[in-house]
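The values are calculated or read from the model by the stated rules, or taken from the named source; none is laboratory data. Since the model is a prediction, treat every value here as computed from it, not as a measurement. Here Cβ is always computed from backbone atoms with ideal geometry, including for glycine, and neighbour counts include all displayed protein chains. What goes into the accessible areas is simple: the full protein's heavy atoms, side chains included, and nothing from ligands, DNA or RNA. Shrake-Rupley method; radii C 1.70, N 1.55, O 1.52, S 1.80 Å.
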Amino acid sequence: MRFLRSFVLPTAALSLGLVVSLAPAATAAPSSAHIAQAPAVQVAAATPPATTYFKPFSAHGMTSSYHIYTDGIDRTQPVGVLFYFGGDYWKTSETWVHNPGGSHLRAMAAEARKKNMILVVPISPDKKATGDGITWWEDIDKNGQYFRSLKDSLVRSYGLDTSRVWLSGYSGGAEFITYEVLANQQNWIRGGGVTLIGGGGANPMQTAPSAAVRSLPVTWHAGSADVKGNTNPPEWSAKAAASQGHKTYKNAGFGRAGLRTLQGVDHYGYNPATLIGHDLRALPNVGGGTAVTQTSSLLEGGIRTSYLSTGGAAKYGQPTSGERATGFLGGVYQGFTRGYTYYWSPQTAAAPVKWSGAIGTSYKKTGYERGWGYPAHAERSLAGGAYQDFRRGGTVNRAMWSPTTGARVVKLTGGIGSAWRAAGHEHNWGYPVTNEYKVAKGVQQKFSNGRVATWNRNTGRVTVTRG
């Protein structure tokens, strides 16, 4: 496929609109087996060099260079790394990666610095400035080998923390990440995240991703106007590529894959530093306090990221153990001293269950994840109640609670649940006052606004009466 994705200066402002992305969940019951995972690399090794531009590097018969930004890094703490891959270009004047002292790359370095990460901007070893120009995606396997050798050298030489790796790329650089860097020999990454801007299509994984890689937050940012005819060739659509890549990664078990639509933005209107900074907020700060430091060896992957970013020890307490296998569909769990248990599965992001609440109590009584499934998110408040979604394979269960009805479940993927959603959720029929129960020819469920819904297995239809 031929497509040029050169970069020009961004528009002054972006309008960010979220496209909801929620992967299916798995189910599990706590067991005592520990997950065998290598510890995160946190090495206070050689000092990274001073900020340097066009530093040469050769590997696999290829030679290019990279910029490294290290100003303001706290070398007494683990040092992470943000890699940025630019888009395609014919002339060096068309791309920010050849203007290392400019405001755009320095803005990215400032965002990385907030998380004690150096910024590394590799320049593609492609030397053919004809046809599609200088790209990362042409000769993608060779360029992948080159990049992995570069990152090996940086990690080894400067003791970089591979549990704090962030990949970012625009256009052809985003394609390089999703087709190669995150899809092939990617398990050197033990934590961090990914920001994809104006592209990011994908094929199936070349190398099976580890649990740590699948738990990474991976976000596609696509302009609503970044469609066919917006760049060259005219038949390529960055918006469609982002949608296709997002779907592929979700299907591969990346439970934190998300797609954001930037309203009114075309292929030349992105501000990568702003978008990278937005996504980096999901990464915990280093040196997150005494409690976190004392227990950091027990926290890892998606559970660690969510725990630290949503309240940490002040909300959940200290971990009572390391992650443990649930024994069901590849999930894990981890308990905390303030009455919470975090769950993670290959099909869901990390999310807590609060045992002191009515939803948590009912979840336990119905068999934990083998009953309702894994929590898809934390408990959320509603006017007059609360809810929490759980996923068990292809089934989505919504646990609803109110003071008058207690905790009950609506099966959102069932006939009654589908009709309840279409009618306006709790705003119309009300909260469930029973779970589904069997009746002649089907199942039935009662709701607080006096509705009784009946699903007929022969017709597949739902009838609603007042009862």
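Before moving on, here are some points about what is shown:
- The criterion of being more than 31 Å from the chain's Cα centre (by Cα), open to solvent by 60 Å² or more (accessible area, probe 1.4 Å) and among the aliphatic types (A, V, I, L, M) holds for ALA50.
- Any chance TYR333 is over 22 Å from LEU283 (Cβ atoms) and either among the aliphatic types (A, V, I, L, M) or surrounded by 20 or more Cβ atoms within 10 Å (Cβ to Cβ) (or both): yes
- Checked against the criterion of being surrounded by fewer than 22 Cβ atoms within 10 Å (Cβ to Cβ), modelled with pLDDT of 90 or more and assigned to a loop (DSSP other than H, G, I, E, B), the candidates GLY131, GLY87, GLY101 yield just one match: GLY101.
- Every condition in (1) open to solvent by 40 Å² or more (accessible area, probe 1.4 Å); (2) within 24 Å of ARG256 (Cα to Cα) is met by ALA350 except one, and the failing one is (1).
- Any hit, the range 392-407, residues being free of Cβ contacts under 8 Å to residues at least 12 places away in the same chain, hydroxyl-bearing (Ser, Thr, Tyr), farther than 24 Å from LYS250 by Cβ and not in a helix (DSSP H, G or I): no
- Per the listing ASP152, ASP141, the residue uniquely assigned to a helix (DSSP H, G or I), without any contact (Cβ under 8 Å) to a residue 60 or more places away in the chain, closer than 14 Å to TRP188 by Cα and open to solvent by 10 Å² or more (accessible area, probe 1.4 Å) is ASP152.
- The range 155-179: number of residues that are surrounded by 24 or more Cβ atoms within 10 Å (Cβ to Cβ) and more than 19 Å from VAL79 (Cα to Cα): 10
- Positions within the range 407-443 being more than 16 Å from THR465 (Cα to Cα), over 31 Å from the mean Cα position of the chain (by Cα) and surrounded by 16 or more Cβ atoms within 10 Å (Cβ to Cβ), in sequence order: ASN435
- Positions within the range 378-396 being over 20 Å from GLY327 (Cβ atoms) and either open to solvent by less than 20 Å² (accessible area, probe 1.4 Å) or in contact with a Gly (Cβ under 9 Å, 6 or more places away or on another chain) (or both), in sequence order: GLU379, GLY385, ALA386, GLN388, ASP389, VAL396
- When the residues of the range 444-467 are filtered to those that are among the aliphatic types (A, V, I, L, M) and open to solvent by less than 30 Å² (accessible area, probe 1.4 Å), the one that is farthest from GLY394 (Cα to Cα) is VAL452.
Okay, residues lined up against (1) modelled with pLDDT under 95; (2) closer than 14 Å to GLY80 by Cα; (3) not polar (S, T, N, Q):
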| position | (1), (2), (3) |
| --- | --- |
| LEU150 | no, no, yes |
| VAL155 | yes, yes, yes |
| GLY159 | yes, yes, yes |
| THR162 | yes, yes, no |
| VAL165 | no, yes, yes |
| GLY172 | yes, no, yes |
| ILE177 | no, no, yes |
